[in-house]
Amino acid sequence: NSDPAPFNEYEFPLDSTWEIPRHQLVLGDTLGEGAFGRVVMAEALGIEGHGKSTIVAVKMVKEGHTDADMACLVREMEVMKMIGKHKNIINLLGCCSQDGPLYVIVEYAPYGNLKDFLKANKMCQLPDDLRCGDEKDQKVLTQKDLISFAYQVARGMEYLASRRCIHRDLAARNVLVSDDYVMKIADFGLARDIQDTDYYRKNTNGRLPIKWMAPESLQDKFYDTKSDVWSFGVLLWEIMTFGDQPYPKVTAEELYGYLLEGNRMEKPYRCSLNIYLLMRQCWNFDADARPRFSEIVENLDKILTSTA
Ligand code: ADE
């Protein structure tokens, strides 16, 4: 058979634990696009319960993808199957892998990514009389809300670390905001495994997430859970600044030297000292001196309990 069959480009073994009949999925708008992949919103029938409809997100490769792109998507799905479920990660719901394009079905987060969510809420921090109409509908985020966001991300990372998963691109843009402001870590399945340390993953724009990288990742391309802890510190700073750009005046070339000299970002406006101290611990040049995610969870839990 010489005819190219676009719907049977690849064949995958059937995994009946996860396989969902294709006709139960109605694809909708595109939520996001990368160089090789696309995420589409969809309605899934009967995947939660009989006769029930659920809004989901569906990951797929775009036209013009390479075999390597497809391999990445398959790997991401397999990693998600192995890692298992947690409230604070984007969970796998199922897949369509037979008789057509590969669809990886994951939880949909209605409020989008945390960076844009925080930026949209930054205006709400203004006094009432300075805010304009459409900002008034949004929930005003308190310091306690912000700390709760950080706590939830730390819980998700504690779980991923316990499953030996290194994220390598932990940043507010890779955290999604679900119903009831539940934080969910996304794209963790793209992470390489612990052995594979010389692979240098670029983000969806093909750019390295320099400003979130630990010194040892910048210098030696070395990643482990401790370098994720450094990135968590930058993410904590993003939360406390409502999505500001880290180190705006430092270039990518300057960053390593800047950090080596001991420079760090200042305490954000209104950020409490205990939260700032936590960031600074995450930004210890010595990776072994950084707190573990379990310690970060404990610490944030205490701070949360003592915050009005
Ligand atoms: N954009 C990319 N993935 C998404 C998801 N799971 N939910 C909402 N928006 C997304």
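Spacing of the modelled spin labels on Arg270 and Asp129, each 7 Å from Cα toward Cβ, amounts to 1.9 nm. Looking at the stretch 226-308 from every direction and averaging, what is the projected area of its Cα convex hull in nm²? So the Cα hull casts an average projection of 5.7 nm².
Counted residue by residue at 0.36 nm each, then reduced by the alpha carbon distance between them, the extension gain from Lys122 to Val140 reaches 5.6 nm. Here the alpha carbons of the chain define both size measures, Rg and Dmax, at 20.5, 70 Å. Under the combined filter of DSSP loop state and at most 15 neighbouring Cβ atoms within 10 Å, the stretch 36-68 retains these trypsin sites (Lys or Arg not before Pro): Lys52, Lys62.
Using a cut-off of 22 Å between Cα atoms, the listed pairs Lys144/Lys302; Lys122/Lys144; Lys59/Lys144 include Lys59/Lys144 as exceeding that distance. The Rg/Rh ratio of the stretch 18-60, with both radii computed over alpha carbons and Rh defined as the Kirkwood radius, is 1.02. Centroid-to-centroid, using Cα positions, the stretch 42-86 and the stretch 246-289 are 36 Å apart. Return the calculated 222 nm mean residue ellipticity for the chain, to the nearest 500 deg cm²/dmol, obtained by summing -39500 (n - 2.57) across DSSP H runs with n ≥ 4 and dividing by the residue count. After summing the helix terms and dividing by residue count, I get -10500 deg cm²/dmol.
Shown for the chain: the carbon plus sulfur share of the solvent-accessible area, taken with all protein chains present and a 1.4 angstrom probe, equals 51%. Percent of Cα pairs in the stretch 83-174 per distance bin of 10 Å, from zero to the largest separation: 13, 34, 29, 17, 7, 1. Of the trypsin sites (Lys or Arg not before Pro) found in the stretch 246-308, those that fall in a DSSP loop while having at most 14 other beta-carbon atoms within 10 Å are Lys249, Arg270, Arg292.
The values are calculated or read from the model by the stated rules, or taken from the named source; none is laboratory data. Bear in mind the structure is a predicted one, so any value in this text is a computation, not a measurement. FYI the Cβ positions are ideal-geometry reconstructions off the backbone, even for glycines, and counts take in every protein chain you see. The protein model used for the area step is the full one, side chains on, heavy atoms only, and it has no ligands, DNA or RNA in it. Shrake-Rupley method; radii C 1.70, N 1.55, O 1.52, S 1.80 Å.
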